[in-house]
Every structure is written in structure tokens, then in C-alpha cells.
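Below you'll find the structure, written out as C-alpha cells, and then a few comments.
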Amino acid sequence: MARRTGTDEVASHWTAYLCLFAAALVTTLATTPLARRIAVAVDAVDYPNKRRINRKPIPRMGGIAIFCGIVAAFVVQYLGTTYLRWPAVLVPSPKLQVDYWLLVLAFLVIFFTGLLDDRYSLKPLQKLAGQVLAATLAVAGGLVIGDISNPFAPGFLSLGWLAYPITVLYLVAYTNIINLIDGLDGLAAGISAIAGATMFVHSVLAGRLDAAVLAVAVVGASLGFLRYNFHPASIFMGDSGALTLGFALGSISLLSVTRVAGLTTIIVPLVIAAVPIIDTFSAIVRRLRGHVSIGHADRGHIHHRLMEEGFDQRQAVLLMYAWTGLLCAGSLVMTQVDTMPRIVIFCVLLGVSMLFARHLHLFEPVLLHHYDPRTGTDELVTPADDAFEEEAEKIHEHERHFRPGRRP
């Protein structure tokens, strides 16, 4: 049997990546209509209300198609490795071993958690329990943040046993950021595709084939779903899709972090996902300032603010794509330069993003407490809601009716 040259091996890698991308893309395209029919059959549908952008009922189990696309890519990878002599992607780490079957189980747990939420609207603690279980399974399988190189002195910073809870927290947080930004047609799918493509490039440069395979599967599945999800959407991905994509992106970043123990490898995934991270962080600050639960929905997210600025759905989504693309490009440059330029690039990207967030007033509360003197209750209202205007008019009428000097 002839020995492969380096050129043949590189060509084999790219052939495999293209086949995996095509498998995820085509499978998601083919199964999304089926996912839509399943969602309608079980009444997993988003009906219009004050907090939603959609003005007609939209099925929300698109995650079924996304999950099928990712699974199809790994089936093709297995067949290619077994029968076509594609390079093996499950390459042992010099520092630790990853049990990929436990990682598969973790993906099943996170997908079914989202699926159950799409159908039954789980309580927040129930959904969080599923996410923690999935992250714990991944960590038990060896997907753990390793030692980090000390940027200020020779040697490494060892996290010790803290690495385990920190990794669980990291995975749960990454899982939720895609879910929380999923507010406009095509937004979460497009950002996942851009982030996945960027992580794919980082994984290839780092020589991490397992991370690259998962990344290219995420890109293919996200773009396939985007065909049906871009405005005007005929289906939403729901939690089954958003949680799966968030967990996948978090896993991809860790598959690289565990091997390349540099501070940059910790920062880069955060830069790539900076838009949903900023959106999530601002939501927490906004709700704390408004003295409401951080889990309380509001209309203060980035996409809401952009639409208040006069952008329509497509324009708002494309602008957020561009913002994410700029950050992803910056993350790629960061890995190719020395330490000081990295710091400068990171500070510039952070500064520009913060200025944009400030311009959109992302940290200003939109949920306000309103005391109703007739009922003696304290209610939450949103100034932009019609309900707020109606309540305000009732208050004014009440005040006019009981104005001093006027008989009730």
C-alpha cells in the first residue's frame, strides 16, 4: 500500500470537511419540513404576544432538523474513516483523554432538554437541571479546561479541582447565550454559523480535528436551517436548536482549550461569542437595575433596540451578523500576532462593542414597577407596550376623578 504524502493528507482532510458540511447542510434542509410538521402536530408553536416579534403562529421545533444534521455529519465521518481512509479525528490529547461516547450522551441530554421545553415549557430550574447534567457528563468525559499558561511569568496556572465546576459553569453559560439571543428570524442560526466557521478555522490551525469536525457540522446544520428560518421564517429553532447549538459551540471551544493551554485560547471563544454575551450581560444588568428577576423577559435586547432605531428585521439581523463577523475576524488576527498586539486588538474590539451597546442603551431597564392605586398591586410594565399606555391612561383618569376639590 502506497504511503500518503503530506499533500495527499491535506487534500483528504479538506475532502472530508466538504463532505461533512454537505451532509449536515442537506440533511437539515431535508428534515426541517418534517420538524415543522412534528411541531404543529404536538402544538409546539409560538403564538404572537406582547413580548414576541412574530405576528402569526410559528412552529418552534427546528432543533430536530439541526440535531439530525449534526448526527448525519458524524455518520459520514465514521463511514469515511472506516471505508475511505479519511484521517482519524479522535486524536488523543497529550494531557488528557476525552471519552467521546460520554460527550455524545451529553449532546443527547441537552437536545432532549430543549425538545421537552419546546413541547411542555419546562420550569427554569428543570431546564437548568438538564443543562447542568449535560455539562457534567461532558466534564466527566474529560472535556475540562486544563492548565493555563501564565501571561505574567513562566509556568502555568493550575486550576486543580476548580477546573471541573468552572468548566460546567462555562458550558452552561455558553449553552444559554445562543438561546437568549434567539429573538429575530435567522439571528441565532446565522450567528451560530459565523461563530462555527471561525472556530473551524481556529481548530484547523491548532491541529484539533475533533473540534474542526464538530464545527463544520454546526456550520452546515445552521446554514441548512437558515433556509427556512431567515425572515420571513416558517419555523423557529426553539430551545431544542438553540441549546444544542450553544452546547456545541462551547464544546468546540473546549476541545481546543484543553490542548492549547494559552490565555488566548480562553479569550478567543469569548470574543467570537461577544455579541450574545454582551446581550446576555446587559439583560442581567438591566433587570437588576429594574429590580426584577433576571429570568423575566423584556424587550430590551439588542434586536429590540435596533428595531426601535428604525431597522426592520432583516436589517437588524444583518447588522448583528456584521458585528459578529468583525469580532470573529479580530479573533483570528489575535491568534497570529504577539502578546501586545493581541491586547490592543482585544481592547479595541471590546471598546467598539461597548460604545455600540451604550448607543443602543442596552443597560437601561425597560421593565418598570407600576403601583396601581385601585388594586394596591405592584405590576411590571414596559413603556413600549400598548398595555403601558392603557394603564397610564387609566391612572390619569383615576387621578382626574379624585382630583382635590372634585366630588367623586
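The values are calculated or read from the model by the stated rules, or taken from the named source; none is laboratory data. Predicted, not measured: the structure shown is a model, and the values here were computed from it. Every residue, glycine among them, receives a Cβ derived from its backbone with ideal geometry; neighbour counts consider all protein chains shown.
For the reader, a short list of remarks on this structure follows.
- Residues of the range 313-348 satisfying the condition of being among the charged types (D, E, K, R) and either modelled with pLDDT of 85 or more or surrounded by fewer than 17 Cβ atoms within 10 Å (Cβ to Cβ) (or both): 314, 338
Yes/no matrix, rows are residues, columns are (1) modelled with pLDDT under 95; (2) among the aliphatic types (A, V, I, L, M); (3) surrounded by fewer than 22 Cβ atoms within 10 Å (Cβ to Cβ); (4) over 24 Å from the mean Cα position of the chain (by Cα):
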| position | (1), (2), (3), (4) |
| --- | --- |
| 10 | yes, yes, yes, yes |
| 13 | yes, no, yes, yes |
| 30 | no, yes, yes, no |
| 45 | yes, yes, yes, no |
| 50 | yes, no, yes, no |
| 82 | yes, no, yes, yes |
| 85 | yes, no, yes, yes |
| 95 | yes, no, yes, yes |
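- There is at least one residue in the range 292-299 that is out of contact with any strand residue (DSSP E or B) (no Cβ under 6 Å at 6 or more places or on another chain) and buried (at least 20 other Cβ atoms within 10 Å of the Cβ).
- One residue from 41, 23 being among the aliphatic types (A, V, I, L, M), modelled with pLDDT of 90 or more and loosely packed, with under 12 Cβ neighbours inside 10 Å: 41
- Among the residues making up the range 170-204, a single one is within 26 Å of residue 159 (Cα to Cα), more than 10 Å from the chain's Cα centre (by Cα), at pLDDT below 90 and not hydroxyl-bearing (Ser, Thr, Tyr): 202.
- If the condition is being part of a helix (DSSP H, G or I), in contact (Cβ under 8 Å) with a residue 60 or more places away in the chain and not polar (S, T, N, Q), then the range 281-296 contributes 283, 285, 286, 287, 289.
- When the residues of the range 300-312 are filtered to those that are among the hydrophobic types (A, V, I, L, M, F, W, C) and part of a helix (DSSP H, G or I), the one that is surrounded by the most Cβ atoms within 10 Å (Cβ to Cβ) is 302.
- Of all residues assigned to the range 255-269, none qualifies as being hydrophobic (A, V, I, L, M, F, W, C), under 14 Å from residue 188 (Cα atoms) and assigned by TED's automatic domain parsing to the domain that holds residue 198.
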